[in-house]
Amino acid sequence: MESREVRKSFLEYFRSRGHEIVKSSSLVPQDDPTLLFTNAGMVQFKSVFLGHEQRPYKRATSCQKCMRAGGKHSDLENVGHTARHHTFFEMLGNFSFGDYFKKEAIQFAWELLTEWYRLPKDRLWVSVYEEDAQAESLWKELTDVDPARIVRLGAKDNFWQMGDTGPCGPCSEIIIDQGQEVGCGRDDCNLECDCDRYLELWNLVFMQYNRDESGKLTPLPKPSIDTGMGLERITAVLQGKHNNFDTDLFQPIIEEISTLSGIPYGKAPHSDASMRVIADHIRAITFLLSEGLIPSNEGRGYVLRRVIRRAARHARLLNLPAPTLHRFIEPVISVMGDIYPEIIDERDRTEKLLKIEEERFVRTIETGMNILDEILTRLKEEGSDVIPGEELFRLYDTYGFPIDLARDIANDEGYRIDEEGFHRRLQEQKQKARTGAGIQQQEESTTLYREIVARHGETLFKGYETLKEEAEVVEIISNGRFTDELGEGQEGMIVLDRTPFYGESGGQVGDTGVIHSEGAHLIVTDTKKPLQGLHIHIVKVKRGTVRRGERVTAMVDEERRLSIMRNHTATHLLHKALRMVLGEHVKQSGSLVAPDRLRFDFTHYTATTPEEIDEIEEVVNTKILEDLPVKTEVMGIDDAIRSGAVALFDEKYGEKVRVVSAGSFSRELCGGTHCSATGQIGSFVILSESSVASGIRRIEALTGMNAFRYLKEQKRSIEMIKNILKTDRPVERTERLIRELKEKEKEIERLKTGASTDVISEAIRKARELSGIKIATLRKDGLNQKELRLLSDRLRDRLGSGIIITTSAQNGKAAIVCMVTKDLTDRFNAGEILKRITSLAGGSGGGRAEMAQGGVKDIEALEEAMKRIEELIKEGS
């Protein structure tokens, strides 16, 4: 059975039994700060299980993209060394939200495995929670599993919970016996053994309790079902493989790696492990990059960077030329592209970003090697043969230098590494990341907000139609607690039953304005949207007292809102213009829509040229002049995507979405507020284009009167420059002045250093020889670093072969340049010589083998250091 058929059969089986097939959610979970990545099929249904969200179906099935790398649930270090650990994998699952329970879940699972997949019943085992007599009884009643193969296990194996508190319940696992030859081979091997003989296939979770803070379990009013079966595992079993990497999900990738490396797979354990690591990691890399994630030094981006660098490390072990990982994206697409078309759509961008990141890693390895060499040199001087864990962690954390590479190099050089110290520091960092600042406070606030929604339902947003609305104050919050009133001078949060105020979301800032009643006047300083459908008004009471239950009038600051609308509509035009000018690979990566400006982050690999910026501005302004109608439609998410609307990977969309279109030019999913026609934007001007991360560019721009004022200020500045330069052609005049200035600077350099011919001759005459090596020292005050280097170049050229040390004092400081002629760099290093000098004089500096430069603050210390250098030369040291 091919993996495609395994996946399709599973979904079709449950569809035929009344389940809604739900598309896989993003690998980056939305509205869940506790998770780095989606790591199970139930993650996208978490709010449904908790009762915070209603879906139009009570039965669901999915094949969910999952990632377990980084954080508490990480299999990264095990990948490649076992038959079944992966970073990226697919989770098949069926779910019941208060519909069916244990009986149906057990029947479905047994029927699918034994009748659809035709697994041999005499090899299947079942485990149940030791206190769940009901589940054991149902297995015996509803299936023909051998009762002797039903085993009760403890909570460690067969009790599941979402967190320390909340929904939980016993679970039942279906396990297949792969045969004694697969596992440890012991006669007493059983289900609790860690070997591969007894392989867990499917976990059925019976969510029937709620656990409170004291640990007490209370039955849920509507018990639910959450099941999970790894596609890779069931595929391996159905294809008769004992290793997931031998299935058709991985073999096309491994075959490509083997072909490019010239190393056959299955011949050597070390090369096999490296091929498995690359095959696993390239799947994770392809999917994460296709979803818009960018390698970085924190959070999810840091995990992605680690995965890429681990794969690159193993490519290096296979002697594959760098960069090479991007060449393995194609076999991933051939295996999975028809199921997940986004990896096809994003292929070009994914390949380019991966290539850039791998090239960066090559440079990192070189830097790390240099630092490791310094560490080894120091340890040798100290007489130690152990590389400290703190140093290894610094190499790993700061430079991404892999611990296994450090271990290999240490072994080659006769050193040991402090792995215990390294892992201790690594665990400290992980713990720090898990307990990130503000998590507990955020969770407490979320609980408060959910309570508001439970009491009053969602806020009715009227801001698309009006900027003024009569409403009722349903809740007041002060200092994180509910209260009945806010008095004059107090600050707090107000919740209305309906509001015209837009809550900050989708990059658009929240509205400001006023809320007033007969007895109170409140300034709204911001509006937040902490939960879908809930608007929180941040207020300060200027006069009177506002009370819960009171009728009020809510009024949005109209001028500010109109400015925001201009910038938001302009953002859509900009997005489309970028794709037209730079290419379809451009995707929105973030935005800020404020009243005074807009900021737009997008995926692109190089800086945009001035010509491209001009073209982008021209496209946007042309569409503004065309005064295109801006219309909104509400439709199903699938219909919206089919209609050509652009969706953002990092946004969470419901079943119904709002589509904003500007004529036929632009069409995006968006919940923000917009102009009714593009002409209302007025004008558009780009202020800057810059880099914010690898593969991410940022444009900042102005619209409307802000754009007009900016252009007016630019015009005023040009007029002032023309007056100062006394010309109507300021550009040409400025260019001429700059040329003349550079010529003067060169003349000054020539005057300063050219007059030093006698000084250079004197330095060469006084040069000493040490073991046949000429050493020339020279001091000429009043030169800056650049001038001193120029003087050093001339001294080196005149000397021919030798070591040069030059110094110059200026403004109480001293500059130093050290040079070694090319013919001697195999024996001497300018950087090392400079380091010795600055260590004597209390300064700093650095450089390469041929040239190094630095400086010291204390001229007297430098003079003493140079005297000491002269003495060492005389002594023949």
Counted residues, segment 543-592 - those being part of a strand (DSSP E or B) and under 24 Å from the mean Cα position of the chain (by Cα): 5
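Let's see how each residue does on (1) open to solvent by less than 50 Å² (accessible area, probe 1.4 Å); (2) at pLDDT below 80; (3) over 24 Å from SER761 (Cα atoms); (4) in a strand (DSSP E or B):
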{"position": "LEU783", "(1), (2), (3), (4)": "yes, no, no, no"}
{"position": "LEU788", "(1), (2), (3), (4)": "yes, no, no, no"}
{"position": "THR806", "(1), (2), (3), (4)": "yes, no, no, yes"}
{"position": "ALA815", "(1), (2), (3), (4)": "yes, no, no, yes"}
{"position": "LEU834", "(1), (2), (3), (4)": "yes, no, no, no"}
{"position": "ILE873", "(1), (2), (3), (4)": "yes, yes, no, no"}
Any hit, segment 175-193, residues being under 30 Å from ASN210 (Cβ atoms), at pLDDT 80 or above and buried (at least 18 other Cβ atoms within 10 Å of the Cβ): yes
Residues of segment 241-293 classified as in a loop (DSSP other than H, G, I, E, B) and within 20 Å of GLU358 (Cα to Cα), total: 3
Count of segment 10-19 residues which are closer than 24 Å to ILE343 by Cα and open to solvent by 20 Å² or more (accessible area, probe 1.4 Å): 2
Flag if VAL692 is under 27 Å from the mean Cα position of the chain (by Cα) and free of Cβ contacts under 8 Å to residues at least 40 places away in the same chain: no
Condition check for LEU582: surrounded by 16 or more Cβ atoms within 10 Å (Cβ to Cβ), of a type outside the set (D, E, K, R) and in contact (Cβ under 8 Å) with a residue 40 or more places away in the chain: no
Residues of segment 294-311 that turn out to be of a type in the set (A, V, I, L, M, F, W, C), modelled with pLDDT under 90 and either assigned to a helix (DSSP H, G or I) or buried (at least 24 other Cβ atoms within 10 Å of the Cβ) (or both), as a count: 1
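Each row is one residue, and each column tells you yes or no for (1) among the hydrophobic types (A, V, I, L, M, F, W, C); (2) assigned to a loop (DSSP other than H, G, I, E, B).
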site	(1), (2)
VAL6	yes, no
SER62	no, no
THR82	no, yes
LEU92	yes, no
PHE95	yes, no
GLY98	no, yes
LYS103	no, no
Selection from segment 511-525 of residues that are open to solvent by 40 Å² or more (accessible area, probe 1.4 Å) and either part of a strand (DSSP E or B) or closer than 16 Å to LEU467 by Cβ (or both): HIS516, HIS521, ILE523, THR525
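Rundown of residues vs (1) within 15 Å of ALA763 (Cα to Cα); (2) open to solvent by 20 Å² or more (accessible area, probe 1.4 Å), yes/no style:
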{"residue": "THR777", "(1), (2)": "yes, yes"}
{"residue": "SER792", "(1), (2)": "yes, no"}
{"residue": "GLY800", "(1), (2)": "yes, yes"}
{"residue": "ASP823", "(1), (2)": "no, yes"}
{"residue": "LEU840", "(1), (2)": "no, yes"}
{"residue": "GLY843", "(1), (2)": "no, yes"}
{"residue": "ARG848", "(1), (2)": "no, yes"}
{"residue": "LYS857", "(1), (2)": "no, yes"}
Some residue of segment 681-692 being farther than 23 Å from GLY590 by Cα, modelled with pLDDT of 95 or more, small (Gly, Ala, Ser) and touching a strand residue (DSSP E or B) at 6+ places or on another chain (Cβ under 7 Å): yes
The one condition in (1) touching a residue at least 24 places away in the same chain (Cβ under 8 Å); (2) open to solvent by 70 Å² or more (accessible area, probe 1.4 Å) that MET635 fails to fulfil: (2)
Residue list for segment 494-509, filter: under 20 Å from LEU448 (Cα atoms) and either surrounded by fewer than 21 Cβ atoms within 10 Å (Cβ to Cβ) or touching a helix residue (DSSP H, G or I) at 6+ places or on another chain (Cβ under 9 Å) (or both): VAL495, ASP497, ARG498, GLU504, SER505
Scope segment 721-730; condition surrounded by 11 or more Cβ atoms within 10 Å (Cβ to Cβ) and in a helix (DSSP H, G or I); matching residues: ILE721, LYS722, LEU725, PRO730
Any hit, segment 40-56, residues being out of contact with any Pro (no Cβ under 7 Å at 6 or more places or on another chain), of a type in the set (S, T, N, Q), under 30 Å from GLY533 (Cβ atoms) and assigned to a loop (DSSP other than H, G, I, E, B): yes
Test: LYS216 is open to solvent by 70 Å² or more (accessible area, probe 1.4 Å), modelled with pLDDT under 90 and among the charged types (D, E, K, R): yes
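The values are calculated or read from the model by the stated rules, or taken from the named source; none is laboratory data. From a predicted model like this one, the values you see are computed outputs, not experimental measurements. So basically every Cβ, Gly included, is an ideal-geometry build from the backbone, and we count neighbours across all protein chains shown. Only protein heavy atoms, including side chains, enter the accessible area calculation; ligands, DNA and RNA are left aside. Shrake-Rupley method; radii C 1.70, N 1.55, O 1.52, S 1.80 Å.
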